[in-house]
Amino acid sequence: MSGKIVFNIRELAKRPPKLLPGHRLCAGCAAPIIAKLALLATDRPTIVVNATGCLEVATTIFPYTSWNVPWIHNAFENAASTASGIEAVIKALKKKGKYKYENVDIIVFAGDGGTYDIGLQSLSGALERGHDFLYILYDNEAYMNTGIQRSGGTPLGAWTTTSPAGRVIPGKTQHKKPIADIAVAHRIPYVATATPAHWMDFMRKVRKGLDVNGPAFIHALSPCDRGWRFDTSETIEVCKLAVDTCYFPLWEFENGEWRLTDRSLAIARNPRLKKPVEEFLKVQGRFKHLFKPENRHLIEEIQRHVDAIWEDLLERTGIK
Amino acid sequence: MGETLRSWKELPLSALPFKLSTEFKTGDWRTFRPVVDQEKCTRCLLCWVYCPDMSIVWDGQRISVNYDYCKGCGICARECPVKAIEMVKE
Ligand SMILES: Cc1ncc(C[n+]2csc(CCOP(=O)(O)OP(=O)(O)O)c2C)c(N)n1
Ligand code: SF4
Ligand code: SF4
């Protein structure tokens, strides 16, 4: 295991923020926490590429911008190809001796709609071509900016406006797409999962993702109080429950090796810490209907799904 | 005849936001305001880490809240390990 990167928060907090206040993301939204922590972990000139979505819309309402770093938005579906283009241009300029920086970090922020669905082919292409950039998926598990439509990242049973829970269906009828596994399948140098609640773990992963040569992918859980239906103050608690229940395990895949990290490693070592998935579901209004007697079997189904993925992870990481 | 149209090379490359969002105050979204008890605060800076609106300010000695932008989400109060932040109705 490589030496642990340490961040001195009391020093970092004195610096001017790279994501500025005055943005119009909802109170309590996790997306700006993710973006600010990621930028805090950078130590080189940084270029940010943003896919369409809440983070992009609400941080750049004309004529304002909240980005204290070079930033570009192109379209919904092509954040990864935009990043590829930037990397290629920098390479070309360097060859001609026209670029002053030795190393530049390119970070993509994209939502689940922009990643699991509409941006998947541009992402896969960029991973396959091997561009040197870090892609951070902030996963709020639905198309939030257009009013909570289900995406490939929405979990089974979740209410959304296009998977409404009622007499016909009990919320979304399919499971979440295994997006981080899809990134791993490309055999890129670095893939990880993270949450803003486990901030030191997240910042370390960002630094690792930026330091590797080639593409890196971080899947960050981004609770949305509007779409998930919980109080604005609970964002970080919801992240903790997601990890404590193994709904969202923290792991990294580095140079072909799997590793559990932070709280998930603690749970693997002491399985008594693992909480039932119900504890994650019950604090969110989007799962409220699952607690009706006729839908209870779905909670069991979600638990089975979570357990299967967790067991699989324990095997991959060599713990079982 | 008339005005000459600009060629594509002369058009602006894209929409360019040119003002910092710090000119846009979001503090009036707030229903509850976080109030810090400096006696209880241990300067762990967890509130600074988690604030989605960069509204906790650390000057190297103590924390304070920038009410120009704080939206009153309550995350800082919820996550403070020693309960040094209280949410008070505006
Ligand atoms: C090609 C295209 N289709 C649709 C839209 C409309 N649109 C804007 S934001 C958005 C939702 C984005 O969802 P997601 O990627 O999950 O990010 P979130 O808003 O949830 O952060 C949609 C559908 C668009 N801008 N471009
Ligand atoms: S709708 Fe959700 S993701 Fe979008 S800004 Fe609000 S809380 Fe954040
Ligand atoms: S209430 Fe929310 S926005 Fe205000 S300082 Fe606390 S965490 Fe930041």
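The values are calculated or read from the model by the stated rules, or taken from the named source; none is laboratory data. If you're wondering where the values come from, they're calculated on a predicted model, not measured in any experiment. Cβ coordinates were reconstructed from backbone atoms using ideal geometry, including for glycine residues, and neighbour counts include every protein chain displayed. Areas reflect the complete protein model, heavy atoms only, side chains present, ligands, DNA and RNA absent. Shrake-Rupley method; radii C 1.70, N 1.55, O 1.52, S 1.80 Å.
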* To do: Any chance you could count how many residues in segment A:144-158 are on the phi < 0 side of the Ramachandran plot, more than 10 Å from ligand 2 (Cβ to nearest atom) and touching a residue at least 60 places away in the same chain (Cβ under 8 Å)?
  => 3
* To do: Could you grab the pairs with beta carbons closer than 8 Å, sequence gap of 6+ or different chains, first residue in segment A:165-190 and under 16 Å from A:Gly125 (Cβ atoms), second one open to solvent by 50 Å² or more (accessible area, probe 1.4 Å)?
  => A:His186/A:Glu128
* How about segment A:117-143: which of its residues are of a type in the set (S, T, N, Q) and without any contact (Cβ under 8 Å) to a residue 60 or more places away in the chain? -> A:Gln121, A:Ser122
* Asked: Are there any strands (runs of 3 or more DSSP E) wholly within segment B:28-76 with 3 or more residues that are over 12 Å from the mean Cα position of the chain (by Cα), and if so which?
  -> B:32-36
* To do: Scan the helices (runs of 4 or more DSSP H) fully inside segment A:191-283 and keep the ones with 1 or more residues being touching a strand residue (DSSP E or B) at 6+ places or on another chain (Cβ under 7 Å).
  => A:199-211, A:235-244, A:262-269
* To do: Restricting attention to segment B:53-88, report how many residues are of a type in the set (Lys, Arg) and more than 9 Å from chain A (Cβ to nearest Cβ).
  => 2
* Inspect segment B:36-50 for any residue being touching a Ser or Thr at 6+ places or on another chain (Cβ under 7 Å), acidic (Asp, Glu) and within 15 Å of ligand 3 (Cβ to nearest atom) and give the result as yes or no. => no
* Asked: Taking segment A:81-93 only, how many residues are under 19 Å from the mean Cα position of the chain (by Cα) and closer than 11 Å to A:Gly130 by Cα?
  -> 0
* Taking segment A:251-302 only, how many residues are on the phi > 0 side of the Ramachandran plot and open to solvent by less than 70 Å² (accessible area, probe 1.4 Å)? -> 1
* Selected residue [open to solvent by 20 Å² or more (accessible area, probe 1.4 Å) and modelled with pLDDT of 95 or more] from A:Lys95, A:Lys100 -> A:Lys95
* To do: Can you tell me which residue among A:Lys208, A:Lys172 is more than 14 Å from every other protein chain (Cβ to nearest Cβ) and more than 19 Å from the chain's Cα centre (by Cα)?
  => A:Lys172
* Tally of residues being open to solvent by 10 Å² or more (accessible area, probe 1.4 Å) and not polar (S, T, N, Q) across segment A:198-218 -> 10
* Asked: Any residue at all in segment B:44-52 that is in contact with a Leu (Cβ under 8 Å, 6 or more places away or on another chain) and either facing chain A (nearest Cβ under 9 Å) or surrounded by 10 or more Cβ atoms within 10 Å (Cβ to Cβ) (or both)?
  -> yes
